[in-house]
Amino acid sequence: MPGKLKAKIVAGRHLPVMDRASDLTDAFVEVKFGNTTFKTDVCPKSLNPQWNSEWFKFEVDDEDLQDEPLQITVLDHDTYSANDAIGKVYIDIDPLLYSEAASVISGWFPIYDTIHGIRGEINVIVKVELFNDLNRFRQSSCGVKFFCTTCIPQCYRATLVHGFVEELVVNEDPEYQWIDRIRTPRASNEARQRLISLMSGELQRKIGLKVLEMGGNAVVGYLQCFDLEGESGLVVRAIGTACTLDKLSSGSAPNTNTHMHPNTAPASNACNSPSKDGKEPVFVEDLPSSSGPPTPFRALPTSSSPPPFSPSKPCSRQSSSSDTDLSLTPKTGMGSGGSAGKEAGPLRTLLRQQTQTALEQRGASSSGLLLNAREFPFFTLTSFPPGFLLHVGGVVSARSVKLLDRIHNPALGNTRSYKLLDWNSVTADEPETRDAWWEEIRQEIKSHARALGCHAVVGYSESTSICEEVCILSASGTAAILNPRYMREGCLDIGCTDHRFEEPSPPNCGFCHIPYDELNMPFPAQLTYCYHCRRQKVPDVLFTTIDLPSEAAVAGKGCLIQARLCRLKKKAQGEANATAISNLLPFMEYELHTQLMNKLKLRSMNALFGLHIQISVGENMLLGLASATGVYLTALPAPGGIQIAGKTPGDLSSEHISSIQKRINDTIAVNKELYQINPPELAEEGVGSPIPEPRHRSRLFRSHSESSDELSELDLSHGKKDAFVLEIDDTDAVEDIHSLLIDAPPPTGFYSCNTENMPGISNWTSGVQMFTSVRVLRLSNANLTNQGLNKIFTDLCENLLKSFYFKLRSMIPCCLCHLNFTVAVPEEELIQVTVTAVAMTYDKEQTQEKTAEKPVNKGSLEAEEQLQFPLELCADSSSSNIQTASKISGVGESTNMSPRAASVDYGSFADRCSTWLELLRLKAHTIRRGSVKTSRRTQSLAHSVSSLERCSPLQEGRSRSLRSSRSFGGSSVTVVKMTPLSFLPGTRIIKYLGIINMFFIRETTSLREEGGVSGFLHSFIAEVFAMVRAHVAALGGNAVVSYSMKECVFMENPNKNQAQCLINVSGDAVICISETDQESSASTANTGQTGGSETDGAT
Amino acid sequence: MSVELDVFVGNTTIMDEEVYQLWLDGYTVNDAVKVRMEGGVMDECEASKDVLLSDTMDQYRTFQMCERLLHSPAKLANQLLFQIPPHRQIMLIERYYAFDDTFVREVLGKKLSKGTKKDLDDISAKTSVTLKSCRRQFDNFKRVFKVVEELKGPLVENIRQHFLLSDKLARDYAAIVFFANNRFETGKRKLQYLSFQDFAFCAGQLISNWTVGAVDNMVEDMDVDLDKEFLQELKELKILITDKDLLDQHKSLVCTALRGKTKVFIEMEGSFKNLSRGLINIAANISLPLRLYPCRSDRWSAADMKLYLTHYTNSAHILDTFKHQVVWDRYMGVVKSCIFKMYHD
């Protein structure tokens, strides 16, 4: 009995009128946890009842504490008939289970009913007393912290990154159970909400256990998703990155844990020693696909994967297993290259895959011994501490089309008990099937990464798209080489990296350097010497799924780049449908890729960050949407223009071609201006701000064709090496080019990106507006062509963006960050686009200089200082010894380099210097976050304590004191800010209160009365926001970071006047305080620190 | 191809004041879009008509959802559904309860009943305020009336606290409630020239001097119902016109004081009886329509009127046999200021 949960029901307000006769309500409350229920007294005839109940106490296992939500039901007492439910509140008590998070949940919660929405509010206080039995503690996974944030959370330091954790749980969907035919929609919805809440809790607990097993104490980049598979069930799955985090305030020695990994030590030894032959058989057993014989088939995109991964074979009673087994896996290693547009699309993809597979095998045979088959070197993080990321190979992605098949379990059949949570009886083998599917995809990702010469995948994510019984599983990430010093031993396939990297690379360009072998390039790409260090090769373009590393040198600003694509597909059933889809996938991937590449060049940029490609399946079409943030990396060569060439003369006059060419060139020129891309060459003209880059050096290495300085040179002469040639051979191609050009740039004062950081803007001011927008388009015309559909889809996305700009015009100058588009095909002729993003204001004055300075002052010395990791981590690991040594020598070398760079004769050195120093000071702030500062720390602790105090259960007094302490005078409601980013500008997060993971269903049978579909969804989204805010406020928080709406499933039946919507949101509840408060309170510490880093920077 | 669903929801509720006003004024979405286009908002952000339409629809929906809360403004501050900064909340409430003077002038003094509500389309046609806006304003009057009807304490303060209105607006509502409660007719042709603000001033005077609340500030309806005892006492003022001696005495006192001080003295002297009768009759019959216009004459200037009334009031004090000095002051104080207010073009 390791925990006691206590709940107290204080009061209600704004309750709905339940008794028409008296216009009043006789409300009482049921408090339920597990199987125990308590009731309050009836508070007669009041819409604002005061219950002031006793403390209801539940004595429960901590396992239950993790899985179960506290369920509060408000009812209207009725003497003669059944009591009417007013609504419910589910409170996730997980945040109370970590020692560092919230200590009490107390506040007003909206009372939610799935049919009526929010109906009043209830004031509740919840506390948990955990008995501090450490052993028991470890049996459940209480105490493992979860973060949605995809970087190391602000007030923590990662002492160790353990690696990938994943888990999934499966259950029958209550909506599809037979009982659903006889119960009310409300009961069905509530059963579903409750089930998902339970499943999420269980999933989180299981992941927590894995983390504890690995020796970690936290999961960062926790990504939980639902697959509503309809008849075949409900899958809740999650991935994350296990870490050992230290709270920065602790002040304890950072290295205490680093050598202690009793659980994993043997395993890691085994993986790290290449000479241990004894491990080979184990590997072969675990990885039949990469060493197994059917290699020729694997090269084909439609080849089915080896039998061990087949979905339903083990449980299928039918003899013809091939009927139900279908796993079509088109593979695409979306590399960074691919500028050669001449090849026929599918062929090229095929070719690439072949090369990859070949490489993969080669890699497997040479380094296979080192693999830790059970682990995937994947990281869900998208931004890393400096020095962590060594090289980035490119995007790796894998998709697989599966047929969902109801698991036939004769033991259950139709007579199955309708008890919801009978874990033992429910589809016992289904999780394994789903596990195998994902395992297969992950293996593929891993081998793609290996083909790119990388040992890790960062910015990794997984998603699904389901239509009827077809499911597309997708995974993508960025192949990378990480600094092994920060990893737990064995979690990376370190032996794989060869010794080309002995020479260290400066941090502001190092990640651009190719990790793969120049001679055995996995895809065609043009390599040049890095424009920064001139030592290593870089590709001509770089695609990644991660955020722009903070130390990266960029020119100008970034912008959102989207590729949109629709493909019609014949309606089909089962296997035929799956085959059709998987045949289409490679073409779609290729076209999206080409579109991205063209648009990138059109904006005169050379790298994509935060690339996310979503392919959604509908009954008669596939939708593809790729979003990324384009940026000009100064380390990479300047992108050539786009050249138009006519292939079939006669069809199109040369005039026509030249007019298109001119439009393209004009667009490029305009974009350069717009995004302030003034790469080094232009600096000479004195236009814009000069970039302090060793120009004379870059000159030397620049290939002849690129040395042109003038803008006019942009209309590319024929035969120019890096020009990107688009051929016009039919009208389709013309259409494509037109569609390229219709992307309107954002209006003046706006920028947009889909990453955490906006390249080129960092001086945010405090204006923050998070929003969600949903648009559904009905295609009335059944005879649409692919082209027509594309146009419609593109317009839909463009119009959405235009709407945002218009709505947020009062925030100018402002940037839309983390624009996250999700597409779906909910019905045959519907296209749904859901967008969540945040608009943030910035100070226009300071943006100009920032980018220019970046390259200079990020010396690798500083990076070393910023490291929040222990350095001696891998010293004993034999295989990485060489690397570590080389790394250290590298540090020395790069220190030598920085003065060299500084000695270059800049145009306006003095000018630059002052701003440079300013920047250093700015940077000093960030460093201080990581280093020890007792005075400030205690300060912030005191702050957090007092803010918790405020939330203490003093009922009325509480809200009043809150009111007075908030900046907004009259309001009694805590202002809760929300953002999809991991930070709030101008504030410091002083405490993470726990993860918010909420799932709501809303249904209506009076759609017209609620304002139609828009009215219905509008109020539902507003209600979801309100419930998130209320939970955060009750935890004592004032903001949600890394917020995301992961699911927004909308179904309607206007004829029946009905609609239903499911929404799943998540994020991290935090307490943040204004940065200026902190600065003033710790000014002494500041000056000392600043001075120190300034001198550092100067040397 | 058609947009089936289109919503935009911000964590902080986005509200455009211009669109809010259009919504309050009862414009349809399409009309509002037209007005906005003419206003040039499209140039601001390279917006198209579609964008404008989508934005207007979103805002209208938001306002409709907020409307329920605006009916009891106190809820707006502690509801959880919309995160609205307090200064915006104040704006929302103030504008929602704002009304058109032309409209209120039409319903002032009428019973706030369903019958009146049915006449709103006529009023709408007459005042060219949209029917939707008329309904909102009428419902606002009714709602405020209903709430304060049952409350104790000062009327203006009750309205201000209950509906979180500014002092000015709360006073206007107090006047509306007062008129509606006492059913003072304001629709007479002779009163047409008076604006709502004129009446609001009079109501304010009456509330602070003639109601129960002027004597006792803790009874129900204290500011809405006139002090009955006072009304009874007013009847006794009749002596000023019924007693011939008193009347003559009064007249001579006033005339003595006025002589030589005004150009229209002759006329004043001549009409003294009528004027006095008019004034006193109001007092005796206060529950009947407020007839404050008897002294209005084209040839009297405001200064003349003031002079006359001052002396008329003061002279009564000198009358030996006139015993109702307190009532007289309470009565004439209000009448005087009301007449001054009304005595304009």
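Among the residues of segment A:591-617, count how many are under 14 Å from A:PHE543 (Cα atoms) and touching a residue at least 60 places away in the same chain (Cβ under 8 Å). Result for segment A:591-617: 16. Checked against (1) free of Cβ contacts under 8 Å to residues at least 12 places away in the same chain; (2) in contact with a Phe, Trp or Tyr (Cβ under 8 Å, 6 or more places away or on another chain), A:GLN204 meets all criteria but (1). Scanning segment B:40-49 turns up no residue that is surrounded by 15 or more Cβ atoms within 10 Å (Cβ to Cβ), under 26 Å from A:MET978 (Cβ atoms), at the interface with chain A (Cβ under 10 Å from one of its Cβ atoms) and in contact with a Gly (Cβ under 8 Å, 6 or more places away or on another chain). Going by the structure shown, is A:ASP67 more than 24 Å from A:PHE1020 (Cβ to Cβ) and within 14 Å of chain B (Cβ to nearest Cβ)? Answer is no for this residue.
The residue that is nearest to A:ILE122 (Cα to Cα), counting only those in segment B:50-73 that are out of contact with any helix residue (DSSP H, G or I) (no Cβ under 7 Å at 6 or more places or on another chain) and within 10 Å of chain A (Cβ to nearest Cβ), is B:SER72. For segment A:1-25, residues that are crowded, with 20+ Cβ neighbours inside 10 Å and more than 19 Å from A:ALA1034 (Cβ to Cβ) total 4. Filtering segment B:1-39 to residues that are more than 12 Å from chain A (Cβ to nearest Cβ) and part of a loop (DSSP other than H, G, I, E, B) leaves B:ASP25, B:GLY26, B:TYR27, B:THR28, B:GLY39. Among the residues of segment B:81-105, the ones that are more than 8 Å from chain A (Cβ to nearest Cβ), assigned to a helix (DSSP H, G or I) and free of Cβ contacts under 8 Å to residues at least 40 places away in the same chain come to 3 in all.
Exactly one residue out of A:ASN783, A:ASN790, A:ASN757 is without any contact (Cβ under 8 Å) to a residue 24 or more places away in the chain and either more than 20 Å from A:GLN614 (Cβ to Cβ) or within 14 Å of another protein chain (Cβ to nearest Cβ) (or both): that is A:ASN783. Within the set B:TYR331, B:TYR343, B:TYR308, B:TYR312, the sole residue that is at pLDDT below 75 and among the aromatic types (Phe, Trp, Tyr) turns out to be B:TYR343.
Residue count for segment A:59-82 satisfying the condition of being within 22 Å of A:ILE111 (Cα to Cα) and part of a strand (DSSP E or B): 8.
Rundown of residues vs (1) more than 27 Å from the chain's Cα centre (by Cα); (2) more than 22 Å from A:GLY1012 (Cβ to Cβ); (3) among the basic types (Lys, Arg), yes/no style:
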| site | (1), (2), (3) |
| --- | --- |
| A:LEU777 | no, no, no |
| A:SER780 | yes, no, no |
| A:ASN783 | yes, yes, no |
| A:GLY788 | yes, yes, no |
| A:LEU796 | no, no, no |
| A:ASN799 | no, no, no |
| A:LEU808 | no, yes, no |
| A:PRO813 | no, yes, no |
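Of all the listed residues (B:ASP25, B:ASP43, B:ASP6), the sole one being under 18 Å from A:LYS802 (Cβ atoms) and at pLDDT 90 or above is B:ASP6. Residues of segment A:1023-1067 that are crowded, with 24+ Cβ neighbours inside 10 Å, within 24 Å of A:ALA238 (Cβ to Cβ) and away from chain B (no Cβ under 13 Å): A:LEU1035, A:GLY1037, A:SER1042, A:SER1066. A residue that is at the interface with another protein chain (Cβ under 7 Å from one of its Cβ atoms), crowded, with 19+ Cβ neighbours inside 10 Å, among the small types (Gly, Ala, Ser) and part of a helix (DSSP H, G or I) cannot be found anywhere in segment A:768-776.
Residues that are under 30 Å from A:CYS155 (Cβ atoms) and of a type in the set (Asp, Glu) were ranked within segment A:190-238; the one that is nearest to the chain's Cα centre (by Cα) is A:GLU202. Annotation: A:ALA1022 fulfils all but one of (1) touching a residue at least 24 places away in the same chain (Cβ under 8 Å); (2) within 24 Å of A:SER200 (Cα to Cα); the unmet one is (1). Do you know which of the residues in segment A:571-586 that are more than 26 Å from the chain's Cα centre (by Cα) and of a type outside the set (A, V, I, L, M, F, W, C) is surrounded by the most Cβ atoms within 10 Å (Cβ to Cβ)? The extreme case among them is A:ASN577.
Test B:LEU112 against the criterion of being more than 19 Å from A:SER773 (Cβ to Cβ) and within 10 Å of chain A (Cβ to nearest Cβ), and give yes or no. Criteria not met by B:LEU112. Please go through segment A:1-39 and pick out each residue that is under 21 Å from A:ILE118 (Cα atoms) and free of Cβ contacts under 8 Å to residues at least 60 places away in the same chain. Correct list: A:VAL17, A:ASP19, A:ARG20, A:ASP23, A:LEU24, A:ASP26, A:ALA27, A:PHE28, A:GLU30, A:VAL31, A:LYS32. The one condition from (1) farther than 19 Å from A:GLY393 by Cα; (2) at pLDDT 90 or above; (3) surrounded by 22 or more Cβ atoms within 10 Å (Cβ to Cβ) that A:PRO679 does not meet is (2).
The values are calculated or read from the model by the stated rules, or taken from the named source; none is laboratory data. Given the structure is predicted, the values throughout are model-derived calculations rather than measurements. Counting neighbours? That spans all protein chains shown, and the Cβs are built from the backbone with ideal geometry, glycine included.
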